[in-house]
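Trainee: For reference, the structure I am asking about is given below.
The values are calculated or read from the model by the stated rules, or taken from the named source; none is laboratory data. The structure presented is a predicted model; accordingly, all values stated were derived computationally and were not measured. With ideal geometry, Cβ positions are generated from the backbone for all residues, glycine too; neighbour counts draw on all protein chains shown.
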Amino acid sequence: MLELYQFEMSHYVEKVRLILDYKGLEYRKIEVTPGLGQVELVRMSGHRQVPVLKDDNEVIADSTAIAEYLDKKYPEKPIIPSDPKLRGLCLLIEQWADESIGLNARKCLVGTFGQDQSFRTAVLPSNTPDLLKNLIGSVPNDIFSVLGFGMGFGPDTIKAAKDAMKRDLASLCFILSEQPYLVTDYPTLADFAVAGLTMYVKFPGGNYLDIPANLKNKGVPGIADVGIFEPFFTWRDALYAKYRKPLTTSGFDDSAPTSINID
């Protein structure tokens, strides 16, 4: 069985999970423990970042490399068009999604921690003690803003990221207003990249992710709750409903991620 080394909350991992589900491939999620687990991940793959896919003796790191590997090894239901022009467009959109949506979405998420106390508590695991939840929820927003500034995500950086995200989502709404998918009449790597990497902007509803229930359908204020972007999120929700396998689906990874020591 395929093994996906991951962080459940990683939006780059989510891109790969969408592809695996679309192709109908059975796989096991293995949660990598931050720190020590990443050291072991480097020993196995040469990379400390997730996702990493293991297929028998093959170890593939990086979400784009994994997508290309899966399309070659499991060609049924291809995600990269064979037509040169469509192939180029697909790969171009995927790269844009990685470098624009993916990076800016992370900054938007950090900014939201400093704006929304309820969002901060929703991100916490369900087994977090109420005392700790209340403590984190009661921390003034400006304290989290200072922490974000220390990470290089100051107010100007976060504002620029939100502005860029709004432009990206508006562009996607225009494209999708007249066609079912971004490149062809069937979903491609471009669609799964865009859908997965917008996870931080607005988490999908439904039982797709092992995250706190209060976090589902919750997102960045000023983006996730703005009507002008609703066509995109409606499109993304439909993509999830049609192709993403719920955690409870028999025959697939129907439990929480397994945390193990990597040999």
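Trainee: Among the candidates ALA241, ALA256, single out the residue that is among the hydrophobic types (A, V, I, L, M, F, W, C), surrounded by fewer than 16 Cβ atoms within 10 Å (Cβ to Cβ) and modelled with pLDDT under 95.
Mentor: None of the others qualify; the one that does is ALA256.
Trainee: Looking at ASP56, is it surrounded by fewer than 14 Cβ atoms within 10 Å (Cβ to Cβ) and not assigned by TED's automatic domain parsing to the domain that holds ARG236?
Mentor: Taking the combined requirement at face value, the residue satisfies it.
Trainee: A further question on this structure: Of the residues VAL42, VAL32, only one is of a type outside the set (Phe, Trp, Tyr), more than 26 Å from ILE211 (Cβ to Cβ) and at pLDDT below 95; which?
Mentor: Residue meeting the stated conditions: VAL42.
Trainee: Mind checking which residues of segment 18-40 are under 14 Å from ALA61 (Cα atoms) and surrounded by 22 or more Cβ atoms within 10 Å (Cβ to Cβ)?
Mentor: Once the filter is applied, which keeps residues that are under 14 Å from ALA61 (Cα atoms) and surrounded by 22 or more Cβ atoms within 10 Å (Cβ to Cβ), segment 18-40 yields only VAL32.
Trainee: Name every residue in segment 190-207 that is without any contact (Cβ under 8 Å) to a residue 60 or more places away in the chain and either within 12 Å of the chain's Cα centre (by Cα) or surrounded by 24 or more Cβ atoms within 10 Å (Cβ to Cβ) (or both), in order of residue number.
Mentor: ASP191, LYS202, PHE203, PRO204
Trainee: Could you list all residues from segment 173-189 that are more than 19 Å from PRO221 (Cα to Cα), touching a residue at least 24 places away in the same chain (Cβ under 8 Å) and assigned to a helix (DSSP H, G or I)?
Mentor: LEU176, LEU189
Trainee: Just give me the residues in segment 48-76 being closer than 21 Å to ALA195 by Cβ and charged (D, E, K, R), in sequence order.
Mentor: Answer for segment 48-76, where residues must be closer than 21 Å to ALA195 by Cβ and charged (D, E, K, R): ASP62, GLU68, ASP71, GLU76.
Trainee: Output yes when any residue across segment 63-75 is outside the structural domain of LEU189 (by TED's automatic domain parsing), closer than 19 Å to LEU209 by Cβ and surrounded by 16 or more Cβ atoms within 10 Å (Cβ to Cβ), and no when none is.
Mentor: yes
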